[in-house]
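> The structure under discussion is supplied below as structure tokens; questions concerning it will follow.
Just so it is clear, none of the values below were taken in a lab; they were calculated from the coordinates. Being a predicted model, the structure only gives us computed values, none of them experimental. Here the Cβ positions follow ideal geometry from the backbone for every residue, glycine too, while neighbour counts run over all protein chains shown.
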2 protein chains.
Amino acid sequence: MSNSIWCFENVNLFQILCPHKLKQYQKDHFEGFKKGDVIYFPDDSSKSIFMVSKGKVKIVSYSQEGEEIVKAILGKGEIFGEKALLGEDKRDDYALACTEPTELCPMKLPDMYELMRQNEKFGLSIYKLIGFRIKKMERRFEALLHKDVKTRLCDFLKEMADEKGIESGSEVIVNHFFTQKDFADLIGTKRETVTRLFNELKQDGIIDYTRKEIRIRGVENL
Amino acid sequence: MSNSIWCFENVNLFQILCPHKLKQYQKDHFEGFKKGDVIYFPDDSSKSIFMVSKGKVKIVSYSQEGEEIVKAILGKGEIFGEKALLGEDKRDDYALACTEPTELCPMKLPDMYELMRQNEKFGLSIYKLIGFRIKKMERRFEALLHKDVKTRLCDFLKEMADEKGIESGSEVIVNHFFTQKDFADLIGTKRETVTRLFNELKQDGIIDYTRKEIRIRGVENL
DNA sequence: CAAAAAATGTAAGCTGCATCACATAAAGGT
DNA sequence: ACCTTTATGTGATGCAGCTTACATTTTTTG
């Protein structure tokens, strides 16, 4: 299990980006958000990128018809707003705090570029992270195109197990902060279907689901 | 109608990337591919990015089950392989020539970085292009999630009209090189459904479809 | 120009999952 | 502890579009 949250490709993003450690960025770099607070709106100018230092952030946009598109749900140590680095001048989605309190390390674009210049390895790993985001999106797209809901859920669980699972004997434990609605949004289905599937997997003895953790008995069975 | 193919954000990518104009890159920069030729395979190392100078290139990958995922179909002036700039070391998809002859302007990564250093505006516009690719993928994803097939097809036609349509009186003419199977792959449906829908739109007098061009009577009707 | 291959046209039947409509349970607020 | 809100559980019903199965037309090839 790669600890890809804190450490990305051997570069500790958190340490570099998290302001508490860096005197010169100490002011104004620590913001408390309440549940439901909007961190940025579409059409806000893309001046910063952010790292979640506490809580849970949801990146969403809305279709004409007002349906929600969940692009990502991010926890501690994860980065968002990174499209600003690709010449985006206005945000095209919402970033919403969805726990209380949610805390962020914002990093202004010029500061970011400065950091990237100073630390080439860091710069590279930021671009690499963008590359991974693209691939993740492509995988999601592919799944939606060709896989049925059950397969998508299982793949998603495997991914979680790989990214943040803890091995414990023959099981893998994944601590999570998702609701079943969150799962549904992320794999492109409805909440009811997720409920049904989790219970099916439970029945089959493959997983053990609670609101806080999922125990997977044999990732290969998914 | 923006001529976004040749000129991207006021930077003429073609002129910069196309080798014929640049003495120092004149060798080896002009490759002829036959229909079906593979330009790169997954796991090839990502050493170059390419611009199509003639023909049609398809970027695809395959799921476990062997189903095709069409990520893009590119024509003259369009760029692919750009994930190499994001620290990708191995390709994760196929690039296939699908016309004969297909010609490319390859650009080795170091040369590319050199060019980007020399011409900052160019460098920026390359990253911007990547940003646009991400947004395009996100739009496709959203469409798949929330829109029915007919809407997806209409949106796709609108996009084509916008990107490469020629206004002619009250109509917009879009010259294209897609088969109905291509359309199906790109909007995430089956060929038969595309056929049905094109004929439906024809019946309703909204479009006029031939293998070479589509005439749209009133893009707003789509 | 004939034959093969590729693209397009059409229709009937089936199914995965959304939708609707509630019931129960857990969490959070006061 | 009580009340409100949020999350989860479970059946009944419907339908968009996939599947399957051919027919026809257009393009390509030898």
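> For chain A, what does the relative contact order come out to in percent, with C-alpha contacts under 8 Å and a separation of six or more?
Numbers: 359 pairs, mean separation 44.8, N = 222.
Once normalised by length, the contact order is 20 percent.
> For segment B:148-221, count all C-alpha to C-alpha pairs, find those more than 14 Å apart, and express that count as a whole percent of the total.
Numbers: 1521 of 2701 pairs.
Tail fraction, whole percent: 56.
> Still on this structure, I have one more. Let me know the Kirkwood hydrodynamic radius for chain A, please, with Cα pairs as the basis and the value in Å to one decimal. It would help to have the intermediate numbers written out before the result.
Working: mean 1/r = 0.0537 Å⁻¹.
It is 18.6 Å.
> Now for a different question. Counting only GluC sites (Glu not before Pro) that are in a DSSP loop and have at most 13 other C-beta atoms within 10 Å, tell me the longest site-free stretch of chain A. Numbers along the way, then the final one.
Details: sites that count: A:GLU65, A:GLU67.
Longest run free of exposed loop sites: A:68-222.
> If you don't mind, there's one more thing I want to ask. Among A:ARG217, B:ARG211, A:ARG140, rank each residue by its count of other Cβ atoms within 10 Å, from fewest to most, as a rough exposure measure. Each step should come with its number before you reach the end.
Numbers: A:ARG217 16, B:ARG211 10, A:ARG140 22.
The order, fewest Cβ neighbours first, is B:ARG211, A:ARG217, A:ARG140.
> Can you give the relative contact order of segment B:109-222 as a percent, counting alpha carbon pairs under 8 Å and 6+ residues apart? Don't jump to the answer; show the numbers that get you there.
On the way: 101 pairs, mean separation 24.8, N = 114.
Once divided by the residue count of segment B:109-222, the mean separation gives 22 percent.
> Using modelled backbone amide H atoms (1.01 Å from N, in-plane), which distant-in-sequence or interchain residues come within less than 5 Å of A:TYR94's amide H?
A:VAL60, A:SER61
> Follow-up. Measuring label to label, 7 Å along Cα→Cβ, what does B:GLN64 give against each other copy in nm, shortest first?
Reported distances to equivalent positions: 3.7 nm.
> Which angle between 0 and 90 degrees, to the nearest 10, do you get for helix B:109-118 versus the longest principal axis of chain B when only C-alpha atoms count?
Computed tilt is about 90 degrees.
> Counting only other chains, what is the mean number of Cβ atoms within 10 angstrom of the Cβ of each residue in peptide B:83-93? Kindly include the intermediate steps, with their values, before the conclusion.
Working: counts 5, 1, 3, 12, 11, 6, 2, 0, 0, 5, 2.
Going residue by residue through B:83-93 and averaging, the value is 4.
> Where the label is 7 Å out from Cα toward Cβ, how close does A:ASN199 come to the same position in every other copy, in nm, shortest first?
4.4
> Still on this structure: If the only charges are +1 at each Lys and Arg Cβ and -1 at each Asp and Glu Cβ, what is the size of the charge dipole of the protein assembly as shown around the Cα centre, to the nearest 20 debye? Working shown, then result.
Values: 74 positive and 74 negative charges, 60 e Å.
Computed charge dipole of the protein assembly as shown: roughly 280 debye.
> Let me ask something else about it. Which pairs break 20 Å Cα to Cα here: A:LYS90/B:LYS128; A:LYS58/A:LYS212; A:LYS71/B:LYS47; A:LYS108/B:LYS135; A:LYS54/A:LYS150; A:LYS135/B:LYS76?
Values: A:LYS90/B:LYS128 12 Å; A:LYS58/A:LYS212 18 Å; A:LYS71/B:LYS47 30 Å; A:LYS108/B:LYS135 22 Å; A:LYS54/A:LYS150 31 Å; A:LYS135/B:LYS76 25 Å.
Those over the limit are A:LYS71/B:LYS47; A:LYS108/B:LYS135; A:LYS54/A:LYS150; A:LYS135/B:LYS76.
> State to the nearest 20 debye the size of the charge dipole of segment B:13-142 about its Cα centre, where the only charges are +1 on K and R beta carbons and -1 on D and E beta carbons.
620 debye
> Further question on the same structure: Convert each backbone phi in segment A:81-97 into a coupling constant with the Karplus relation 6.51 cos²θ - 1.76 cosθ + 1.60 (shift: θ = phi - 60°), then list the ³J(HN,Hα) values in order as whole Hz, x for Gly and Pro.
x, 6, 5, 4, 6, 9, x, 5, 9, 10, 5, 10, 8, 9, 10, 10, 6
> Using a cut-off of 12 Å between beta-carbons, work out the net charge of the residues near B:GLU213 (Lys and Arg +1, Asp and Glu -1, B:GLU213 not included).
Working: positive: B:LYS164, B:ARG211, B:LYS212, B:ARG215; negative: B:GLU171, B:ASP208.
Neighbourhood net charge equals +2.
> What angle do you read, to the nearest 10 degrees and between 0 and 90, between the alpha-carbon axis of helix B:120-146 and the longest principal axis of chain B?
For B:120-146 against chain B, the angle is about 30 degrees.
> Counting alpha carbon pairs within less than 8 Å and at least 6 residues apart, what relative contact order, in whole percent, applies to segment A:13-142?
Values: 229 pairs, mean separation 42.1, N = 130.
Relative contact order comes out at 32 percent.
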